[in-house]
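The values are calculated or read from the model by the stated rules, or taken from the named source; none is laboratory data. Bear in mind the structure is a predicted one, so any value in this text is a computation, not a measurement. In this analysis, Cβ positions are derived from the backbone assuming ideal geometry, glycine residues included, and neighbour counts consider all displayed protein chains. Please note that ligands, DNA and RNA were not included when accessible areas were found on the heavy atoms of the full protein model with its side chains. Shrake-Rupley method; radii C 1.70, N 1.55, O 1.52, S 1.80 Å.
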Amino acid sequence: MLIYSDPDEKKLAELFAASEYDAANWIKDLDSGETYYWPASDLSHKRMAKVLSVARYDKGTMTQGPDKP
């Protein structure tokens, strides 16, 4: 499973390619400030928060835009 903390554009492209939805989910740890990204088809936000031991978080999904590779 791919999980990146604050990935650059190249790593985001890897996550999009690894997802059947061409998207990456993310959670931001509200205590540490780190944001974690993974392929949207892998785990739910709630499950990933548990895997990463993140108690308080914001969440979302990033899709690959038309101007992205």
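Observations, loosely collected:
- Among the candidates Lys11, Lys50, residue that is within 12 Å of the chain's Cα centre (by Cα) and not aliphatic (A, V, I, L, M): Lys11
- Tally of residues being part of a loop (DSSP other than H, G, I, E, B), among the aliphatic types (A, V, I, L, M) and either surrounded by fewer than 18 Cβ atoms within 10 Å (Cβ to Cβ) or at positive phi (or both) across region 29-51: 2
- The residues in region 1-28 that are open to solvent by less than 20 Å² (accessible area, probe 1.4 Å) and part of a strand (DSSP E or B) can be counted, and the count is 4.
- Single residue of region 52-64 satisfying the filter (among the hydroxyl-bearing types (Ser, Thr, Tyr) and more than 16 Å from Lys11 (Cα to Cα)) that is most open to solvent (accessible area, probe 1.4 Å): Ser53
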